[in-house]
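Novice: I have a structure here, written as structure tokens, and I will follow up with some questions on it.
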Amino acid sequence: MEQLGEQLRARRRDLGLTQIELAELAGVSDRFVRSMEHGKSSLQFDSFKKVLDALGMELQARVRE
């Protein structure tokens, strides 16, 4: 989760957004955005999806071989 948090933080910064601005854009709390960026594992998926959408990102799943 930490690596994902780092990717989210980098994308937010590339877009020139603060955590508060991203939270407002995604309709979630700035506390939630901070939790995501710090790699917290107990996140609500629907809120997580809103943040990804606001960043123009998507989550993909792969089957392990």
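The values are calculated or read from the model by the stated rules, or taken from the named source; none is laboratory data. Keep in mind that what you see is a predicted model, and the values were worked out from it rather than measured. Reconstructed Cβ throughout: ideal geometry from the backbone, glycine too, with neighbour counts over all protein chains shown. Side chains are part of the model used for accessible areas, which takes the heavy atoms of the whole protein and leaves out ligands, DNA and RNA. Shrake-Rupley method; radii C 1.70, N 1.55, O 1.52, S 1.80 Å.
Novice: Could you do me a favour and compute the accessible area per residue for the chain, 1.4 Å probe, result in Å²? Could you put the intermediate results ahead of the total?
Specialist: Values: 4910 Å² over 65 residues.
With the other protein chains kept in place, the chain gives 76 Å² per residue.
Novice: Calculate the spin-label point distance for residue 44 paired with residue 4, positioning each point 7 Å from the Cα along the beta-carbon direction, and give it in nanometres.
Specialist: 1.7 nm
Novice: Find the relative contact order for the chain and round it to a whole percent, using C-alpha pairs within less than 8 Å whose residues are 6+ positions apart. Display every interim value, and only then the final one.
Specialist: Working: 58 pairs, mean separation 23.3, N = 65.
Reported relative contact order: 36 percent.
Novice: For the stretch 1-44, give the magnitude of the charge dipole about the Cα centre (Cβ charges: +1 Lys/Arg, -1 Asp/Glu; no others), in debye to the nearest 20.
Specialist: Numbers: 7 positive and 7 negative charges, 14 e Å.
The calculated dipole for the stretch 1-44 is roughly 60 debye.
Novice: Let me ask another. Please report, as a whole percent, how much of the solvent-accessible surface of the chain comes from carbon and sulfur atoms (probe radius 1.4 Å).
Specialist: Details: 2200 of 4910 Å².
Looking at the chain in its full context, I get 45 percent from C and S.
Novice: Okay, moving on. Please name which of 16, 38, 54 has its Cα lying farthest along the dipole of the chain towards the positive end, using unit charges on Cβ (Lys, Arg +1; Asp, Glu -1) and the Cα centre as origin.
Specialist: Comparing the listed Cα positions along the dipole, 38 ranks first.
Novice: Please express the shape of the chain as an equivalent ellipsoid: the semi-axes are the square roots of 5 times the eigenvalues of the C-alpha gyration tensor, given largest first in whole angstrom.
Specialist: Details: eigenvalues 72, 31, 27 Å².
Three semi-axes, in Å: 19, 13, 12.
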